[in-house]
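Right, one structure below, let's go through it.
The values are calculated or read from the model by the stated rules, or taken from the named source; none is laboratory data. All of these numbers come straight from a predicted model, not from anything done at the bench. Here the Cβ positions follow ideal geometry from the backbone for every residue, glycine too, while neighbour counts run over all protein chains shown. Side chains are part of the model used for accessible areas, which takes the heavy atoms of the whole protein and leaves out ligands, DNA and RNA. Shrake-Rupley method; radii C 1.70, N 1.55, O 1.52, S 1.80 Å.
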Amino acid sequence: MRKIADRLAVVLVLAGLVKGSFAALERFTAAQWVAGVYLGIGGGALAFILWVMALARATPTRVANTMTVNPIAAAWRRC
């Protein structure tokens with residue numbers, strides 16, 4: 001399963017290169033790079049820590065079920 005995910009990631013990056021989707025990165029300012037890294041690392045680390053804390057307090061099935069609701073909650077909150 002891991003090999004399939006790795007191959008898919010490579011295909012998606014290559015598709016982005018062919019399509020020119022990465023051209024916008026050349027125009028990023030330093031502040032935009034800092035914001036992107038902050039959101040990527042900070043948000044990812046926070047999500048992982050909260051996920052581990054949830055696993056310590058609930059069953060894996062319940063934690064997995066609540067993780068699938070995150071995109072729905074984010075979309076609802078944006079409205």
*Please find, among 75, 54, 23, the residue that is in contact with a Ser or Thr (Cβ under 9 Å, 6 or more places away or on another chain) and either over 30 Å from residue 11 (Cα atoms) or among the hydrophobic types (A, V, I, L, M, F, W, C) (or both).*
54
*Please indicate, with yes or no, whether at least one residue in the stretch 42-62 is open to solvent by less than 70 Å² (accessible area, probe 1.4 Å), without any contact (Cβ under 8 Å) to a residue 40 or more places away in the chain and touching a Leu at 6+ places or on another chain (Cβ under 9 Å).*
no
_Residue that is farthest from residue 70 (Cα to Cα), among those in the stretch 1-58 that are aliphatic (A, V, I, L, M) and not in a helix (DSSP H, G or I)_ = 1
*Out of the residues in the stretch 18-35 that are under 21 Å from the mean Cα position of the chain (by Cα) and polar (S, T, N, Q), state the one that is least open to solvent (accessible area, probe 1.4 Å).*
21
*Pairs only if they're at least six apart or on different chains, beta carbon under 8 angstrom, first in the stretch 63-75 and touching a residue at least 12 places away in the same chain (Cβ under 8 Å), second part of a helix (DSSP H, G or I) and open to solvent by 80 Å² or more (accessible area, probe 1.4 Å); list them, first residue then second.*
63/51; 67/51
